[in-house]
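Structure first, commentary second.
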Amino acid sequence: MNKPLIATAKHQAKRDAVYDAASVVFAQYGFRRTTMNDIAKSAGISRPALYLMFENKEDLFQGLAAHRLDQAIDSALSMLQGNGKIADRFLESLLVFEQIFYEPIADSPHGTELMDISLSLASEIMTKKLARFHAALTKSLSEAEARGQITFARTPMKPRAFVELLFTALNGVKKRALNTAEFRKLVRQLTEIFLLSIAPEHSD
């Protein structure tokens, strides 16, 4: 590996370490109470060093949101592209995504505030990255239908509308669930109901 690539890798590793530290601090204190000094201490770097990496707390939070979304989506897509029935892979990809992106926020006593801040500061980032996930899910359903593994013949929807409606419903689940265990249960139940609507008639 040449020097520029090594330097880039080291820089990204430092940012990733800051993101990991920041996620813990934000979960513990919430966005408003957290300071850049808190994050710097947690990350084991100086406050000036942190400001060389991020303009301010808002900039850092946006970077963290993008980082977590990329982690969640990449892991979900690995699950989606694996082996097994499309229904199983589709469901597990959603559970993996939520486990990495949403559940750490939900487990925080400041979860509502952090979600509100995410929608406020990182809505454009979230929309763009979620579009990539939705597109991959849509493609997997289209390919499965072409192979006869599922069918949209009994629904008024096509794969893209199916995915978008499912995510709308999942957002409602997030408001209802009282804890992570209940959230996972509801995600599983809701997704299975959706998948049953497109199961082939000969499916057991």
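The values are calculated or read from the model by the stated rules, or taken from the named source; none is laboratory data. As the structure is a prediction and not an experimental result, all values here were calculated from the model. Positions of Cβ are backbone-derived with ideal geometry, glycine not excepted, and every protein chain shown enters the neighbour counts.
Specify which of the listed residues (Leu121, Leu80, Leu95, Leu91) is touching a residue at least 40 places away in the same chain (Cβ under 8 Å), closer than 25 Å to Ala43 by Cα and surrounded by 15 or more Cβ atoms within 10 Å (Cβ to Cβ).
Leu121
Among the residues of region 107-162, which ones are of a type in the set (Gly, Ala, Ser) and within 30 Å of Leu60 (Cβ to Cβ)?
Across region 107-162, the qualifying residues are Ser108, Gly111, Ser118, Ser120, Ala122, Ser123, Ala131, Ala135, Ala136.
Considering only region 193-204, I want to know if a residue exists there that is charged (D, E, K, R), outside any helix (DSSP H, G or I), without any contact (Cβ under 8 Å) to a residue 12 or more places away in the chain and not assigned by TED's automatic domain parsing to the domain that holds Ala87.
Yes: region 193-204 contains one or more residues that are charged (D, E, K, R), outside any helix (DSSP H, G or I), without any contact (Cβ under 8 Å) to a residue 12 or more places away in the chain and not assigned by TED's automatic domain parsing to the domain that holds Ala87.
Among the residues in region 74-86, are any in the same structural domain as Ser118 (by TED's automatic domain parsing), at pLDDT 95 or above and of a type in the set (Val, Ile, Thr)?
Taking every residue of region 74-86 in turn, at least one turns out to be in the same structural domain as Ser118 (by TED's automatic domain parsing), at pLDDT 95 or above and of a type in the set (Val, Ile, Thr).
Quick test for you: out of Phe61, Phe26, Phe97, Phe54, pick the one residue that is within 30 Å of Leu195 (Cα to Cα) and among the aromatic types (Phe, Trp, Tyr).
It is Phe97.
For region 123-158, name all the residues that are part of a helix (DSSP H, G or I) and of a type in the set (Val, Ile, Thr).
Ile125, Thr127, Thr138
Considering Leu137, Leu195, which residue is under 21 Å from Glu103 (Cβ atoms) and aliphatic (A, V, I, L, M)?
Going through Leu137, Leu195 in turn, the sole match is Leu137.
Of all residues in region 111-142, count the ones that are among the small types (Gly, Ala, Ser) and either in contact with an Asp or Glu (Cβ under 7 Å, 6 or more places away or on another chain) or over 27 Å from Leu178 (Cα atoms) (or both).
Total meeting the criteria: 5.
Could you say which residue among Arg188, Arg184, Arg154 is assigned by TED's automatic domain parsing to the domain that holds Gly111 and over 14 Å from Leu95 (Cα atoms)?
Every option except Arg154 fails the conditions.
Can you report the number of residues in region 46-77 which are surrounded by fewer than 19 Cβ atoms within 10 Å (Cβ to Cβ) and either among the basic types (Lys, Arg) or at positive phi (or both)?
Counting residues in region 46-77 that are surrounded by fewer than 19 Cβ atoms within 10 Å (Cβ to Cβ) and either among the basic types (Lys, Arg) or at positive phi (or both) gives 1.
From the set of residues in region 180-201 that are under 14 Å from Glu145 (Cα atoms) and not acidic (Asp, Glu), which is farthest from the chain's Cα centre (by Cα)?
Pro200
Quick check on region 124-166: of everything there that is touching a Lys or Arg at 6+ places or on another chain (Cβ under 8 Å) and of a type in the set (Ser, Thr, Tyr), which residue is surrounded by the fewest Cβ atoms within 10 Å (Cβ to Cβ)?
By that ranking, first place goes to Thr138.
Counting only residues that are of a type in the set (S, T, N, Q) and at pLDDT 95 or above, which one in region 167-204 is surrounded by the fewest Cβ atoms within 10 Å (Cβ to Cβ)?
Out of the qualifying residues, it is Thr168.
Quick check on my filter: what residues within region 26-43 are buried (at least 20 other Cβ atoms within 10 Å of the Cβ) and in contact (Cβ under 8 Å) with a residue 12 or more places away in the chain?
The answer is Phe26, Thr34, Ile39, Ala43.
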